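What follows is a short report on a single structure.
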Amino acid sequence: MSVVADTVGVMRIATWNVNSIRARVDRVTSWLERNDVDVLAMQETKCKDAQFPHLPFEAIGYEVAHTGLSQWNGVAVVSRVGIEDVETAFEAQPGWGEQLATEARALGATCGGVRVWSLYVPNGRTIVDPHYAYKLEWLAALRASAASWIASGTPTMLLGDWNIAPLDEDVWDREFFEGSTHVTAPEREALAAIEATGFTELTRSYTPGEYTYWDYTQLRFPKRQGMRIDLALGSPEVTARVTGARIDREERKGKGASDHAPVVVELADPA
DNA sequence: ATGCCGCTATCGTAGCGA
């Protein structure tokens, strides 16, 4: 329940697709305080920079870095352990649309000595939609950056809504998703290629069988029909420090919930 | 087994993205 930063060696870093920060700012700030989280990477803020509610975060001791260009996408990092060297895209991040504009889907910031990337991977829509090819292109470009981040030796975390269910067990019914995005071999291989640069997924081993997302429709949440698509990847320097991880399913309940649950990773201080 | 979204454009409801 403490809102005071821990004095002994632990840092909590979380990722959460909030599905509009303006619709949910009270829920998000309340959750940060109750869970003693130091850094939160958010996706789908669904607002422009000027519309982002900075004050409620600053009032409880967090600095904000956000990029949002329209009512779509939008990613942020909020931190109470500092925010430095903010980037609002990764190197060679592909664009979308007739004008091929870079979308607000990636934000990097250094918080408490960790390079944190908040990532909102394109959904893909359907496998015959141009958005699916864009998704794969986006992931391939991210892989190139991931390799450079590994080579740098900087403690790095890739946090976000990946819109990929890595294993069949990460969807409530594999047959239901046959022929759909999120479960195809090219998507899973694109994620595996990023991991192959040297990143490790940090949450699965602590949250076996759990989901991070449940569609609002069809009573998917009470029926426990979800997906694991929100993931946290760590470079070796981060992976060595992980002491636990948690998916806060409780936060998916009730009026005004996002369709995604927050995912928390706990790190010990560097050795 | 905690029970059907949020945005914009426009002012009740359609279109879009997820």
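Whole-Hz ³J(HN,Hα) for each residue in segment A:205-216, computed from phi via Karplus 6.51 cos²θ - 1.76 cosθ + 1.60 with θ = phi - 60°, x for glycine and proline: what do you get?
Per-residue couplings from phi come out as 5, 9, 9, x, x, 8, 10, 10, 9, 9, 4, 5 Hz.
Would segment A:169-263 count as rounded, prolate or oblate if I go by the C-alpha gyration tensor, calling it rounded below 1.5 in a/c and otherwise prolate when a/b exceeds b/c, oblate otherwise?
oblate
How big is the dipole moment of chain A about its Cα centre under a simple scheme where the beta carbon of each Lys and Arg is +1, that of each Asp and Glu is -1, and everything else is neutral? Debye, nearest 20, please.
600
Not counting ligands, DNA or RNA, and with a 1.4 Å probe, what is residue A:248's accessible surface area in Å² rounded to the nearest 10?
Number for this one is 20 Å².
At 15 Å minimum axial length over the Cα atoms and a Kyte-Doolittle cut of 0.0, report the qualifying DSSP H helices in chain A, or say none.
Those that clear 15 Å and a mean of 0.0 are A:130-152, A:185-196.
Cα gyration tensor of segment A:175-225, axes a ≥ b ≥ c as square roots of the eigenvalues: rounded (a/c below 1.5), prolate (a/b > b/c) or oblate?
Oblate is the answer for segment A:175-225, as a/c is 1.5 or above yet b/c matches or exceeds a/b.
Report the paramagnetic label zone for residue A:207: residues of segment A:85-121 whose backbone N is under 17 Å from a point 7 Å from Cα along the Cα-to-Cβ axis.
Counting backbone N atoms under 17 Å from the label point, the list is A:117-121.
Computed from the mean reciprocal separation of all distinct C-alpha pairs, what Kirkwood hydrodynamic radius does segment A:33-192 have, in Å?
Across segment A:33-192, the inverse of the average 1/r is 16.7 Å.
Taking Rh as the Kirkwood radius computed over C-alpha pairs, what is the Stokes-Einstein D of chain A at 20 °C in a medium of viscosity 1.002 mPa s, expressed in µm² per second?
116
List the residues whose amide H sits under 5 Å from the amide H of residue A:231, counting only those 5 or more places along or on another chain, with H placed 1.01 Å from N in the peptide plane.
A:160, A:162
So what is the 222 nm mean residue ellipticity for chain A from helices alone, if each DSSP H run of at least 4 adds -39500 (n - 2.57) and you divide by all residues, rounding to the nearest 500 deg cm²/dmol?
-6500 deg cm²/dmol
If we count every other residue with Cβ under 13 angstrom of residue A:83's Cβ, Lys/Arg +1 and Asp/Glu -1, where does the sum land?
Around residue A:83, the surrounding residues sum to -4.
The values are calculated or read from the model by the stated rules, or taken from the named source; none is laboratory data. Please read these numbers as outputs of a predicted model, since none were measured by experiment. Reconstructed Cβ throughout: ideal geometry from the backbone, glycine too, with neighbour counts over all protein chains shown. The protein model used for the area step is the full one, side chains on, heavy atoms only, and it has no ligands, DNA or RNA in it. Shrake-Rupley method; radii C 1.70, N 1.55, O 1.52, S 1.80 Å.
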